[in-house]
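Note sheet for the following structure.
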Amino acid sequence: MDELYTFVYRGVLTQESLDKAGRRERPSFGPEDAEQMRAALSLDLLDGDRLVEAERMAVIYTAIHAFENSVRHFVSVAMAEEHEEQWWQHVPSKVQKKVTSRIDDDSKFRWHGSRGGAEIEYCDFGDLSSIITTNWGVFEDVLVDREWAKSILSVLERSRNIVMHGGILARQDVERIGVNIKDWLRQAG
């Protein structure tokens, strides 16, 4: 019994140490949060059929949103490992100009939240592919095939844009998204 007590007590101490060291808890979004958002957005005033379509597409958007931001993280980490703090200088100038313009635009509308704090957060999904392909040497060991990487990101960007602009995806498009995300994650981690 002493061994069990010691084992459990060490686990509790480990958890406390991790919390004190700044462990971040996984964020959650529960039913209460959803209900508060529904009320704030006046969803009860909108057409029921359109809401059902939107809720279906919201599930797809959730997956694409998480994937897109994981690619952003992948790109920024890989570029920083290669070029350190100056990695943004290795981004195509066309992307840099677009991002600078968006940051400037955000600064004019201080009443509204911004896209984020780092340049990469102002990039379009397609810009991530451009950063990868123009810096292929940084990504080659992980992604191996440049055309494969471009293709995956291109297909997902097409689906993302349809969902983001009010379109409805067919079942086979949804399945393709899932396969592409799985393939990318198997390759890139």
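The values are calculated or read from the model by the stated rules, or taken from the named source; none is laboratory data. Everything numeric here is computed off the predicted structure, so don't read it as measured data. For neighbour counting, all protein chains shown are included, and Cβ atoms are generated from backbone atoms with ideal geometry for every residue, glycine included.
Details
- Pairs where the first residue, in the range 59-85, is free of Cβ contacts under 8 Å to residues at least 40 places away in the same chain and closer than 17 Å to Gly189 by Cβ and the second is assigned to a helix (DSSP H, G or I) and aromatic (Phe, Trp, Tyr), C-beta under 8 Å, 6+ apart: Ala80/Trp87
- Counted residues, the range 122-143 - those being farther than 16 Å from Glu82 by Cα and touching a helix residue (DSSP H, G or I) at 6+ places or on another chain (Cβ under 7 Å): 8
- Unique residue being closer than 20 Å to His65 by Cβ and basic (Lys, Arg) when the list is Arg160, Arg146: Arg160
- Subset tally (residues that are farther than 30 Å from Ile168 by Cα and either at pLDDT 85 or above or in a helix (DSSP H, G or I) (or both)) for the range 1-52: 19
- Scanning the range 154-189 for residues that are within 17 Å of Arg72 (Cα to Cα) and of a type in the set (Gly, Ala, Ser) returns Ser154, Ala188, Gly189.
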